[in-house]
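Remarks on the structure that follows.
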Amino acid sequence: MRCSILLLLAYLVSSSIPVDAFLLRIRNFKNHVRFIPVCALDSPATTSSAESIDFPPPLSQVDRLKRAAHFWSTALPIVASYYGLLSNLKLQELLGNPLADDQVKELWNARHTEGAAKLASTVAELQGFYVKTAQIISSRQDLFPSQYTDALAGFTDNLDPMSGALARAVVVSELLNADESFEDVFVEFDDIPLGAASVAQVHRAVLSEKYGGKEVAVKIQRPSIESKLLGDVANLKAITKTFRDSPSLPLDYYTVFCELEKQLADEFDFVAEAVAMDRIYNALIRWPDGSPRDVPLVIPRPVPGLISRRILVMDYLRGVPLSRARDEMQKKGIDPDGPEAKLFGRKLLSALTKVFGYNILETGFFHADPHPGNIFVLEDGQIGLIDFGQVKQISGRNRETLCKLMIALDERQGDNRLEDLTRIGSLATELGVQLNEGAQEEAPAAVGMWLFDGTVEKLPGGYDKGELSPNSPVKELKSFPQDLVLVGRSSILIKGLSSRLGIPWSLAKEWAPTARAVLQSNTPVKVADREGGRVRFTDVWSMFKKWCKGRSTSFVRRLPGPIRTRIATAVVRRLERKSREKLLHSP
């Protein structure tokens, strides 16, 4: 059985991309990378080394087929084992020997543990794009069993790193001039990376005085990773294209992987990433009319002159990724389930909601790879957002329709009022959502509520909130517009975080004020037109508020733990009371 499955998979994968097109992709990739041995540089304590570093070669087509077969030979038996357990339980019921609830729970937990261990082992061995899949699963605590989210949590920022010698060699090959030595640029360079992800890893370093002498983070692309990840996506596209009409899949994953493939192709160009980082930062620091805006999170800035296609030197953010925040809290004596953690959770949701709302609705250009490894908790309590390799620009028409949808969801008078459902459903259809034949009339509105309003208790049409439920509105989706695939990824991340934190959260209600401002602003003033060199009162007031906020935060952080806990408890209670009042007065 397994052999026949592997042969089928091999045929599907090999037939999905012609050999000549694959070879052309490899040739184009080689033109961008110098695959030559580079002398490894020792740590700063030593001065010379004769060791030669060989760069890993691109994957061959045979390697791609092996990777696909390996992954699916693990994934398919895991899925089959669940069907087997479910059939066995039903059989016991038919025979009149049903198991007790605690026995059934124990069997399911054992199956989850076994499946999670196998999947984590396979992803760790293959890495590549399968790590992206693991990152999505690990961030969906509201959807997947804890055994899976826990087993895959380490793939957000803790992959098997390349050696320090190879990392330095890539820097020398890609960034340095012929007459420069490594020490001419970096006076310090930590060989152990801060984090290692699927595409690149990041090292802490200190620049020489020639380049400013400041502490920086150096992002280094893994050699030959481009062919590996794009090959993995091609494999997944081939499989999902075959099963795209299958009723067992919750949505058209072929469309999803097509969009991810387009975004992934841009992730290998760090020059484009630096441009995107600056573009998003500049859009966030000012309102559309040019007045200053308080950005609720920190975005690192690239260092001019130290950027290449595979190397990016940027500001260093001192902190830990969100995936390790819980452990860090425990080290500092903070209860991860206590009031201080809850207060931070609200701050996190608010910051992510505001930033993605501003970017998606105001300009349509936004960070398209949000996961707990790209969200940082800084030492001063602020939140950082890193890794702008995947960004997305949605069309102006879809951006306008999204604004109208947020307003319609916010202004609805009830979750089942026909007039509201018609308005919401019409806007969802205008965005390009297509439903299966026979879907209920309430299905488009149910999809919109499911995606953008986590406070809805009962979806219209009797649909379930659970994404994997047979009665989920997602099951009614025939296709999802590619322009909005990554918007959905951002909303689902925030939705998953709010579920794990136990905080009811409606993106639609939070985004509605921004949506109204965007639709009302017919002729926004350009930033350049407002920067005449004059000091305006709004600028001064904004700076004063930031100063006061920073001083108060610093003061609270220096207080004894019990006092901080009391303050956090009082603030959380006030925020929860305001949330209840808001929900009570909402339709």
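The values are calculated or read from the model by the stated rules, or taken from the named source; none is laboratory data. All values reported here derive from a predicted model rather than from experimental measurement. Quick reminder, even Gly has a Cβ in these numbers, built from the backbone with ideal geometry, and neighbours come from all protein chains shown. Heads up: the accessible areas ignore ligands, DNA and RNA and are worked out on the full protein's heavy atoms, side chains in. Shrake-Rupley method; radii C 1.70, N 1.55, O 1.52, S 1.80 Å.
If you wrap a convex hull around the C-alpha atoms of the stretch 105-220 and split its volume per residue, what is the figure in Å³? It would help to have the intermediate numbers written out before the result.
Details: hull volume 12.3 nm³, N = 116.
Taking the convex hull of the Cα positions in the stretch 105-220, it is 106 Å³ per residue.
Rolling a 1.4 Å probe across the protein heavy atoms gives the stretch 432-502 an accessible surface of 40 Å² per residue. Give the separation of the Cα centroids, the stretch 342-414 to the stretch 104-135, in Å. Between the Cα centres of the stretch 342-414 and the stretch 104-135 lies a distance of 29 Å. Surface listing: TYR211, TYR83 arranged by accessible area from highest to lowest gives TYR83, TYR211, probe 1.4 Å. A simple count of charges around PHE71, restricted to other residues whose Cβ falls under 12 Å of its Cβ and scoring Lys, Arg +1 and Asp, Glu -1, yields +2.
Using only the heavy atoms of the protein chains and a 1.4 Å probe, how would ASP315, ASP337 rank by accessible area, largest first?
Order by accessible area, largest first: ASP337, ASP315.
Where only protein heavy atoms count, and the probe is 1.4 Å, what is the accessible area per residue for the stretch 243-399 in Å²?
Working: 5930 Å² over 157 residues.
Using a 1.4 Å probe on heavy atoms only, each residue of the stretch 243-399 averages 38 Å².
Solvent exposure of ILE503, expressed as accessible area, is near 20 Å², computed with a probe of 1.4 Å over the protein chains only. At an R0 of 35 angstrom, the distance between the Cβ atoms of LEU378 and LEU76 translates into a FRET efficiency of 0.25. Once all protein chains are placed together, THR74 keeps about 20 Å² accessible to a 1.4 angstrom probe.
Available extension along the chain between SER87 and ARG279 is 63.8 nm, counting 0.36 nm per residue and deducting the alpha carbon span. The GluC sites (Glu not before Pro) of the stretch 427-477 that meet both conditions, a loop assignment by DSSP and at most 10 other Cβ atoms within 10 Å of the site Cβ, are GLU437, GLU457. For HIS70, the solvent-accessible surface with a 1.4 Å probe is about 60 Å², rounded to the nearest 10.
So, with a 1.4 angstrom probe, what is the percent of accessible area on the stretch 255-369 that is carbon and sulfur?
52 percent
Write down Rg/Rh for the stretch 255-310, rounded to two decimals, with Rg from the C-alpha atoms and Rh from the Kirkwood relation over Cα pairs.
Details: Rg = 14.4 Å, Rh = 13.3 Å.
When Rh is taken as the Kirkwood radius, the ratio is 1.09.
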